[in-house]
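The values are calculated or read from the model by the stated rules, or taken from the named source; none is laboratory data. Fair warning: this is a prediction, and the values are worked out from it, not measured in the lab. When we count neighbours, we look across all protein chains shown, and the Cβ atoms used for this are built from the backbone with ideal geometry, even at glycine.
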Amino acid sequence: MSGLRERKKQATREALMSAALRLALERGLDNVRNEDIAAEAGVSPRTFGNYFSSKYEALAARHTDRAALQVAVLRARPPGEPLWQALTEATAQAWESHTGPEATAPDPERLAATRLLVDEPSLQAEAMKLALASQQELVAAVAERTGTDPGRDLYPHLVAGTVTAAVQTTVGRWLYADPPVPFIPLLREALRQVAAGLPDPSTRGDT
């Protein structure tokens with residue numbers, strides 16, 4: 001019974017997050033109220049308040065879910081797998097859970113609406129708060145995998161921060177790419193370059 005209850009709660013949470021994103025993209029964030037999101041998801045405003053404190057939190061919550069999945073996948077990867085390969089697969093799988101493999105470029109109109117949404121200062125602040133909180137879980141997972149101590153060693157913090165920066169850079173590149181490009185291949189390329197140590201492209205072909 002408890003398992004069924006948890007699945008229902010997760011389904012309601014997912015419905016609210018999807019409704020918040022759909023309405024924000026259609027109307028613009030300023031024109032969306034908590035009550036509108038609840039109605040779109042088929043629940044009461046009180047139910048909305050049981051899950052999220054604001055529309056900004058409802059929209060940014062996907063970051064928390066992606067971060068949790070990223071860490072779970074990383075911990076489940078084969079122990080002997082190279083660190084950056086494991087990180088790349090975990091990060092890509094976490095994003096694919098919401099975007100799909102996305103082998104094609106996004107629709108330009110939807111992309112334009114997404115840019116407007118992402119540029120909202122209040123949403124940026126909420127996303128940053130969640131990102132800082134969730135990054136500590138990634139630090140812990142990297143430390144477990146590498147046998148380092150997050151209380152003493154810089155390494156797991158540097159790795160987690162680098163992955164986060166690579167994701168943020170990918171999002172920025174994807175949002176403003178002209179012509180539009182698929183997200184997941186771009187993310188994988190960013191992490192491939194990081195894993196290679198970001199070699200200076202101007203020295204290619206040097207002997």
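Structure data summary
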read-out: So Leu59, is it assigned to a helix (DSSP H, G or I) and at pLDDT below 90; value: yes
read-out: Residue match in the stretch 74-86 (condition: surrounded by 18 or more Cβ atoms within 10 Å (Cβ to Cβ), touching a Ser or Thr at 6+ places or on another chain (Cβ under 9 Å), closer than 21 Å to Glu144 by Cβ and assigned by TED's automatic domain parsing to the domain that holds Tyr155); value: yes
read-out: Matching residues, the stretch 87-111, being aliphatic (A, V, I, L, M) and surrounded by 14 or more Cβ atoms within 10 Å (Cβ to Cβ); value: Leu87, Ala90, Ala92, Ala94, Ala105, Leu111
read-out: The stretch 104-131, subset part of a loop (DSSP other than H, G, I, E, B) and among the charged types (D, E, K, R), residue nearest to Val163 (Cα to Cα); value: Asp119
read-out: Failed criterion for Val159 (all others in (1) surrounded by fewer than 17 Cβ atoms within 10 Å (Cβ to Cβ); (2) part of a helix (DSSP H, G or I) hold); value: (1)
read-out: Qualifying residue in the stretch 184-200 (condition: on the phi > 0 side of the Ramachandran plot and without any contact (Cβ under 8 Å) to a residue 12 or more places away in the chain); value: yes
read-out: Residue list for the stretch 137-150, restricted to those being without any contact (Cβ under 8 Å) to a residue 12 or more places away in the chain and either assigned to a helix (DSSP H, G or I) or of a type in the set (Ser, Thr, Tyr) (or both); value: Thr148
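Every residue, every condition in (1) in contact (Cβ under 8 Å) with a residue 24 or more places away in the chain; (2) within 29 Å of Pro180 (Cα to Cα); (3) among the charged types (D, E, K, R), yes or no:
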{"site": "Ala61", "(1), (2), (3)": "yes, yes, no"}
{"site": "Ala67", "(1), (2), (3)": "yes, yes, no"}
{"site": "Arg75", "(1), (2), (3)": "yes, no, yes"}
{"site": "Trp84", "(1), (2), (3)": "yes, yes, no"}
{"site": "Glu89", "(1), (2), (3)": "no, yes, yes"}
{"site": "Trp95", "(1), (2), (3)": "yes, yes, no"}
{"site": "Leu116", "(1), (2), (3)": "yes, yes, no"}
{"site": "Ala165", "(1), (2), (3)": "no, yes, no"}
